[in-house]
Structure formats: structure tokens, C-alpha cells
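See structure below.
The values are calculated or read from the model by the stated rules, or taken from the named source; none is laboratory data. Given the structure is predicted, the values throughout are model-derived calculations rather than measurements. FYI the Cβ positions are ideal-geometry reconstructions off the backbone, even for glycines, and counts take in every protein chain you see.
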Amino acid sequence: MSINHPNFGNMADDRVIIFDTTLRDGEQSPGFSMNLTEKLRMAEALAELGVDVIEAGFPIASPGDFESVYEIARTIKGPVICGLSRSAPGDILRAAEAIRPAERRRIHTFISTSPLHMKYKLRMEPEQVLQAVVDSVSLARQHTDDVEWSAEDGSRTDLDFLCRCVEAAIKAGATTINIPDTVGYALPEDMHRIFKSVRDRVPGAERAIFSTHNHNDLGLAVANTLAAVAAGARQIECTINGIGERAGNAALEEVVMAVRTRPDAVPCKPGIVTERIMATSKLLATITGFDVQPNKAIVGRNAFAHESGIHQDGVLKNAATYEIMTPESVGLNKSSLVMGKHSGRAAFRDKLKTLGYGDLGDNKINDAFSRFKVLADRKKVVYDEDLVALVDDEIVRDHDRIKFVSLDVHAGSNRPAKAALELEIDGVVVAAEAAGDGPVDATFIAIQKCFPHEAKLLLFSVGAVTEGTDAQAKTTVRLEEGGKMVDGQGADTDTIVAATRAYVHALNKLLVKRARTEPEAMSA
């Protein structure tokens, strides 16, 4: 069986579309935010990864969201660029305007269909919701041939009503039907039953691609995704590192590698370049300031580590004894000792390419190389992890409004610590001095003087990028302002400088959060 789709042509039954919503659902999660430059870089990485559809944002949410969707649509080639909208005409028209520059575009419109949501959130009767489905899809189809319709809280929707809504959406012109487990309530058997029942019962179901979008509140997002695929879903909605509202979404890397590793059980073919997974995961962690946990499947630092003597012995004899996939298959580079103070610019550029940075341009390469030389003078050996931390700190944040310039700290056990700090704020260098209870406290007070704000410090943590007393410190700072929480990260061989970079990173993310307004019902 094949489906004739406006953006994917005649799709073979074993083809599965990867719909990435890192820039929409993922970015909505507490503490996560990206500015325009960061979103564009992430979109480029997703295109290189081979995702089929990028849900670039929610254009009606704010002018910043609209701008980011528009710029992604204008500059990113390859994937379908999708904008989310509620069923309101204003949302749909705004989404249509935002995605208009894209070579391939989609409008994704949704409305709640569960009794709980219709009664308490929408305050609408089922027949009103059904009419809204028809009206919203019909309007979206006037602006693009590729329209996705979602039944928000679909897993808790009455099956008969869900079938009516899906039938109405397909008749109105929807080319993709998404039945999400919006609150992570379903079990795998629920998802299999829902998808099989709807596809069997709805007239014209064969004309649409069915999509699955699962949240991880019960830790079942990936399992529910695979169950839906087994029941005929041929689009998987997911995010890098599984980020998303509350407990997150189905993780792209986990779903894709499950399909690749178990073709006997899930005979589907995604078009993902799996060797790009690790680089994309690390990029997102750097941009958002949130590292994945060490034991995270596929991309955690322990995913291919073996401490048990029995496991080590088996892996040395044959890696397949304890590894069901190779580290290289997800882009994990085994080489660690890579560069030193005598390394040249050409070798530095080549190494960055092997680490997944592509062509950064001469100016960014020069800036990063200068900082690398300083680092190489301080450290005896420079590891891949050092380069990733350095380059991300230097390049990912090069469009921030607030930038670290310099820091001079005096501290000891016999006198109060003092910090003299310089920051560049919107192109103007601002200086301040402060005393405090230790060098970190003094530095943070100086930051407050340079850039006055009301944010509260909720977390300050320090770790090491690599081993040894000369290792770069990697610090995390969590700030909260008006109910909005952000995490910032910084790296440097000087722990206090790393802390300053992390605080400044968090402030820049807070500025992005300040600019956002969030309309209701964003959780499709």
C-alpha cells in the first residue's frame, strides 16, 4: 500500500516520517529557551540529521516566535517547515504567513477532543468542536496542500467521537492525522488499539498519514510510539534528547535507534543519518544549558561505558556481547587526545568538522582558534570534550545581548573577596566592582551591578569537563524571574570565569523568555 502525499509523494508502507518538534514542543518546556540565532543553528543541525519535518514554532505566540519560524522557512532547505496553530482563524493565518518562504511547508492545526478538555478548557460542545475541525482544516488548506490536524488529548477521547473528528478532518483536506497522548496517560496497548480502530473504522483513512506524538509522564513515550507504528502510524513526532513539556516527549534518538536495531519487530525505514545523532544532542544541550543524564539511552555519557569486569571482558572479546549498537553508529568519536598548543589552524578546523560543526566561517574559526590557543597553554592535553565546551561557549552564544569581557578577582581566607567585572551589553562595555562572601558571590553581585535584574539564583553547580587539576570547569546557573526559569552553562579552566559565563548565559536566555507571550492551549 502507498499514500500519495503532497510533500512526500507516493510513500511506501515501510517508510516512516520523522517529525521533529524540538523547536516547538521542546522549547516550551520549563527552563528551555532559544534565541533566533540558536534556533537557526538547531534547525540546520536537524536538516543535516535528516529529519523530514521541522516544527519550527508557534507563530502566534509572540513576534519572536513568528520571526524564528519565518527565518527558518526562508533559510533551511530540505525538510518540510511546519508552523503550529490552534483552530482560530488568526492562528492559522499567522502560521501561513510565517511558513510562506519555505520550499516545502505545512500548517499543523489542533483542537482538544477529550470530554475533560472540551468541558473545562474549551467550554465547547462536541458539535462545536467538530465544526471547528472542519473550519480550521479548510482554512489551512487554502494556504498549503500539506495540512496536519491533531486531536489534543486524543488518547483520552471517546473513540466514536475521535473517529468522527478524524473523518471530518480528512474530508476537509487534512493530509496528516495526529492522535497525541498529550498528557502521557496511555499504555502501549492503548495506543495500538486507538490507531488500529481509527484506521479500520474511518472512511478515507487510507488517504492520510497517521502520526503519533507521545509524552513521557509515565516513562512510556517511546514504547507508545513504537506501539502506534506497529498499528499503522507512519509519522513519528519526537524531540532531540526527549525534551518537552513536563517529563518530555519521545526521544528522537531512542525511537530511531530502536527501529534501526530491531527491524525484525519494527520493519520501518526512517531517513535519519544516525551518525549525526551525538553531535545534534550535544548541540542542543549546549544551547539550552541542559545536559542529558549520564545513563540516558543512546546519548548519555554512560550509554557505551562498561565498568563491570564481566562486561568489560565480553566487550573486549566481541563488542556485540554487551552492545546492541556500535558507538560509531550514533556518531560517538572514540578518539580523545586530539590537540595541543602546537596544533595549527588547519588541523583545528578539520577537527571541528569531525566533531560535527561543519563550516563555521573564517571569523568564527579565528575567534575559536584564539581561545583554543589560550586553553592549550593552560592545559597539558586538550580533549574532544574540551573543544566542544570551548567552541560552543564561543560560537553558540556569539549573538547574545550580554557578553563576558573580563574578570579580575581577589580572594583569600583573611579578607573579603572582591571582583572587578566587565560585560558588553548591547555593544557597550559596562564595568563594576563588588565585594562578597567568596569570589563567586562577589562576581555575581558585580553582574547584578552591571545588569540590574530581579532574577533569583536557584542553583549553582560545578563539574569538570575532563579529568585532572587543569581540567575546564563546567558550571551551571539556574535563574528564576516571574515564574520563568532558565539554566545557563559556562566552561573555562578558571572556575570563577566559568561561573560568570554561566550566569551571563542564563541572563541572555531570560531576556528571550521575557519577550515571549504564551497563548492558551499550547500543548497539542
Check whether at least one residue in segment 249-264 is without any contact (Cβ under 8 Å) to a residue 40 or more places away in the chain, among the aliphatic types (A, V, I, L, M) and outside any helix (DSSP H, G or I), and report yes or no. yes
Checking Glu245 against (1) farther than 18 Å from Gly184 by Cβ; (2) surrounded by 18 or more Cβ atoms within 10 Å (Cβ to Cβ); (3) of a type in the set (D, E, K, R), which test does it fail? (1)
Determine whether segment 37-55 contains at least one residue that is touching a strand residue (DSSP E or B) at 6+ places or on another chain (Cβ under 8 Å), small (Gly, Ala, Ser) and surrounded by 23 or more Cβ atoms within 10 Å (Cβ to Cβ). yes
Taking the conditions exactly as written (surrounded by 17 or more Cβ atoms within 10 Å (Cβ to Cβ) and either at pLDDT below 95 or over 19 Å from Asp14 (Cα atoms) (or both)), does Ala221 satisfy them or not? yes
Filter segment 83-103 down to residues that are within 19 Å of Ala43 (Cβ to Cβ) and assigned to a loop (DSSP other than H, G, I, E, B), then give me how many there are. 4
Just to be sure, is Ile177 under 19 Å from Ser114 (Cβ atoms) and of a type in the set (Val, Ile, Thr)? yes
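Yes/no matrix, rows are residues, columns are (1) outside the structural domain of Ala61 (by TED's automatic domain parsing); (2) over 22 Å from Glu38 (Cα atoms); (3) modelled with pLDDT under 85; (4) of a type outside the set (Gly, Ala, Ser):
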| position | (1), (2), (3), (4) |
| --- | --- |
| Ile496 | yes, yes, no, yes |
| Val504 | yes, no, no, yes |
| Leu507 | yes, no, no, yes |
| Ala521 | yes, yes, yes, no |
Take segment 454-485 and flag every residue that is modelled with pLDDT under 90 and of a type in the set (A, V, I, L, M, F, W, C). Ala464, Val465, Ala471, Ala473, Met485
Name the residue that is farthest from the chain's Cα centre (by Cα), counting only residues in segment 189-207 that are touching a residue at least 40 places away in the same chain (Cβ under 8 Å) and buried (at least 22 other Cβ atoms within 10 Å of the Cβ). Ile194
Looking for whichever is among the aliphatic types (A, V, I, L, M), in a helix (DSSP H, G or I), at pLDDT 80 or above and on the phi < 0 side of the Ramachandran plot here; the options are Leu352, Leu332, Leu375. Which one fits? Leu375
Within segment 71-94, the residues that are buried (at least 22 other Cβ atoms within 10 Å of the Cβ) and touching a Lys or Arg at 6+ places or on another chain (Cβ under 9 Å) are Ile72, Ala73, Pro79, Val80, Ile81, Cys82, Gly83, Leu84, Ser85, Ile92
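Conditions tested, residue by residue: (1) without any contact (Cβ under 8 Å) to a residue 40 or more places away in the chain; (2) touching a helix residue (DSSP H, G or I) at 6+ places or on another chain (Cβ under 6 Å); (3) not hydroxyl-bearing (Ser, Thr, Tyr).
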{"site": "Pro115", "(1), (2), (3)": "no, no, yes"}
{"site": "Ser138", "(1), (2), (3)": "yes, yes, no"}
{"site": "Asp145", "(1), (2), (3)": "no, no, yes"}
{"site": "Asp160", "(1), (2), (3)": "yes, no, yes"}
Select from segment 97-122 the residues that are in contact with a strand residue (DSSP E or B) (Cβ under 7 Å, 6 or more places away or on another chain), of a type in the set (A, V, I, L, M, F, W, C) and farther than 24 Å from Lys513 by Cα and write down the one among them that is surrounded by the fewest Cβ atoms within 10 Å (Cβ to Cβ). Leu122
Can you report the number of residues in segment 2-28 which are touching a Ser or Thr at 6+ places or on another chain (Cβ under 7 Å) and at positive phi? 0
Checking the conditions here, which among Ala168, Ala186 is closer than 16 Å to Ser87 by Cβ and either touching a residue at least 12 places away in the same chain (Cβ under 8 Å) or surrounded by 24 or more Cβ atoms within 10 Å (Cβ to Cβ) (or both)? Ala168
Mind telling me which of the residues Leu46, Leu23 ends up being in contact with a Pro (Cβ under 8 Å, 6 or more places away or on another chain) and either modelled with pLDDT of 95 or more or farther than 25 Å from Gly482 by Cα (or both)? Leu46
